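The values are calculated or read from the model by the stated rules, or taken from the named source; none is laboratory data. These numbers come from a predicted model, not from an experiment. Because the Cβ atoms are built from the backbone with ideal geometry, glycine has one as well, and the counts that use them run over all protein chains shown. Surface accessibility is based on the protein's heavy atoms, side chains included, excluding ligands, DNA and RNA. Shrake-Rupley method; radii C 1.70, N 1.55, O 1.52, S 1.80 Å.
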Amino acid sequence: MRVENKQLKEFILDSKKVDPDKLAVAFEAAEESGKKLGDILLEEKLIEAEELRKLYAYILGIPFVDISKDAVPAEILQIVPEPIAKKYKVVAFEKIGQELKVAMLNPEDIQTVDFIRKKTGLKIIPCLTTEEGIEVVLKLYSKSLKAEFGDMIEKNSAAVSEEKSADSLEEIAQGLPIIRIVDTLIKHAILQGASDIHIEPDEKEVRVRYRIDGILHEAMTLPKQVSDGIIARIKVLSNLKLDEHRIPQDGRFKIEKEDIKISFRVSILPIFDGEKIVMRLLNENSKGLTLEKMGLVGEGLEIIHREIKRPNGMILVTGPTGSGKTTTLYTVMDILNTPDVNISTVEDPVEYRMSRINQTQVHPKVGLTFAAGLRSLLRQDPDIIMVGEIRDNETMEMAVQAAMTGHLVLSTLHTNSAAGTLPRLIDMGAEPFLVASTVNVIIAQRLVRKLCADCRKEHKLEEEEYKTLQDNYNMEEILEVLKKNAGMKEWLKAADTWQDITFYKAAGCEHCNQEGYHGRNGIFEILEVTEIIKKMISQKADATEIEKKAKEDGMLTMIEDGFSKAITGITSIEEILRVTKE
């Protein structure tokens, strides 16, 4: 856009949005490097992207619109064809008489404006918007496709349920383009941010469900006659045997187009009514995940950053299946992944491919177990070893030995709390003194759904709710602990009671598909193995005693961390109860 650096600088000075001294430094850097001042301000995080775009709009005399908040009607959206919208980042969002308002990233792109004017025969009013806004509206093209596809499936499902003759049912099945069905199911799973697709044949139909933010949702119901075609298509994509229907099969395939790169881990299991398919979606574009984005804050975050920099010892992540343990380990490996260290893993399965990391997939059928893989790894001169899971005595012993002999070992374990991990290792046969000298830190975690920021509503605890919470947790103790926590100072006053605190509840809007939640965040318990705790482990102290001591030293329990995130509006009390009840 035609905005000179000097012009932008003057307007920012007038608006007082950036510290004048920092602005002067940024302006000088822009002039020396030939870069745009706006780009440097964004790089240095001196201004928000939306604020900068508003300034551009003001300077150019063009309206600024935030199109990410309101749903654009399908009939308006379709005025600009999807290929044009995606290529030139321009979307129609409002039509009044013969005037069409379009949101763009570069309203001075006269050629595109002229092209849309000729194609539609309307007067075009260009407006400036943000990249996020354009991305949100571009997704609506696919959502309107979903509605159209859903109607087609419903017609066929209705025809099946009317119990037509066998011949007409066969015609219905053959008339459905199998490739289009599978592609559309995958496309919408990606759009909705699903982590898994379940395709489940029933006696009379095929159910498709998506797991979104940890919860399974019905996506659609297909006629039973398309079941064989869908299974065959997915087997072809995953290089599996088409004629094998009696034993489970596992495979993988990858989709790479435009700006998405997603791996699919496919599991096919014979069930009574056919073969059930579960596809795990692994987004290989989701780089740049940090411990902070996952929900780690304050003292716990500092402990992890301190402990992962140690040259040896064990870092253990615990929690049930689906609690994000593997994601935490991959994030830690990403931090440690520098050219001067050799990182090797033994996994089942290899979830994400990471450059510079040597990843080994276990194959128990040919004798490549976690223990065997770990034994071979130790001859490969590793600095850091990641073992997918400590499942048995042999793997545990080798992991402890590796940590003793100068390696940093990362692994996961299934226990309910951080303190419960230490007695569990001893129960598996580890010597208490070895556990005490090798384990550096234990991270226990769960995943909670994040409240949708667009529709969450304020909520105060009612007497009945408080009584229920008091029956399950020591609420007074939790409040006292949180008041002492440095990170909660701005949220809690010394005299506050639970009834004074503002919480938030899920409501539901267009952006979260009426769910009230969007995305997930971790709640954590970080137990650092201090000298005193080492002595307690050596003396075979139980989990309760260890946890008590860790709390005295300042450890926040998972429940306390959960309530801190409910107070700050990240999640709801209902979510904390859902994931922490045992």
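Here are the numbers for the structure shown:
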read-out: Nearest-0.05 FRET efficiency for Lys484 and Asp383, computed from C-beta distance (R0 35 Å); value: 0.35
read-out: Mean residue ellipticity (222 nm) of the chain, computed from DSSP H runs ≥ 4 via -39,500 (n - 2.57), nearest 500; value: -12500 deg cm²/dmol
read-out: Dipole of the chain, positive direction: furthest Cα of His188, Gly313, Asn485, with charges on the beta-carbon; value: His188
read-out: Leading residue at positive end of dipole, the chain (Cβ point charges), from Ala402, Met294, Gln98; value: Gln98
read-out: Selection from Ile59, Gln111, Ser33 lying farthest towards where the dipole of region 1-139 points positive, charges on Cβ; value: Gln111
read-out: Nearest-10 value in Å² for the accessible area of Asp228, using the 1.4 Å probe; value: 120
read-out: Rounded to the nearest 20 debye, dipole of region 226-353 from Cβ charges on Lys, Arg, Asp, Glu; value: 120
read-out: Surface accessible to a 1.4 Å probe, per residue, for the residues of region 184-301, Å²; value: 50
read-out: Aspartates and glutamates with Cα under 20 Å of Lys548, excluding same-chain neighbours fewer than 8 positions away; value: Glu299, Glu476, Glu477, Glu480, Glu525, Glu528, Glu531, Glu560, Asp561, Glu582
read-out: nm² value of the averaged projected area, convex hull over the Cα atoms of the chain; value: 34.0
read-out: Kirkwood Rh and Cα Rg combined as Rg over Rh, evaluated for region 1-141; value: 1.03
read-out: Accessible surface of the chain, 1.4 Å probe, proportion on carbon and sulfur as whole %; value: 50
read-out: Label point distance in nm, Glu292-Glu463, each placed 7 Å from Cα along Cα→Cβ; value: 4.5
read-out: Net length gained if the chain between Lys581 and Asp202 were fully extended (0.36 nm per residue, minus Cα distance); value: 133.3 nm
read-out: Entries in Lys101/Lys257; Lys535/Lys565; Lys89/Lys187; Lys69/Lys457 that, when Cα-Cα distance is taken, lie over 25 Å; value: Lys101/Lys257; Lys535/Lys565
read-out: Cross-link pairs beyond the 21 Å C-alpha cut-off, checked among Lys254/Lys365; Lys87/Lys293; Lys540/Lys581; Lys16/Lys489; Lys87/Lys119; Lys87/Lys118; value: Lys254/Lys365; Lys87/Lys293; Lys540/Lys581; Lys16/Lys489
read-out: Estimated FRET transfer efficiency (Glu32, Lys6; beta-carbon r; R0 22 Å; 0.05); value: 0.95
read-out: Size of electric dipole in the chain: Cβ of Lys, Arg +1 and of Asp, Glu -1, about Cα centre, debye, nearest 20; value: 1160
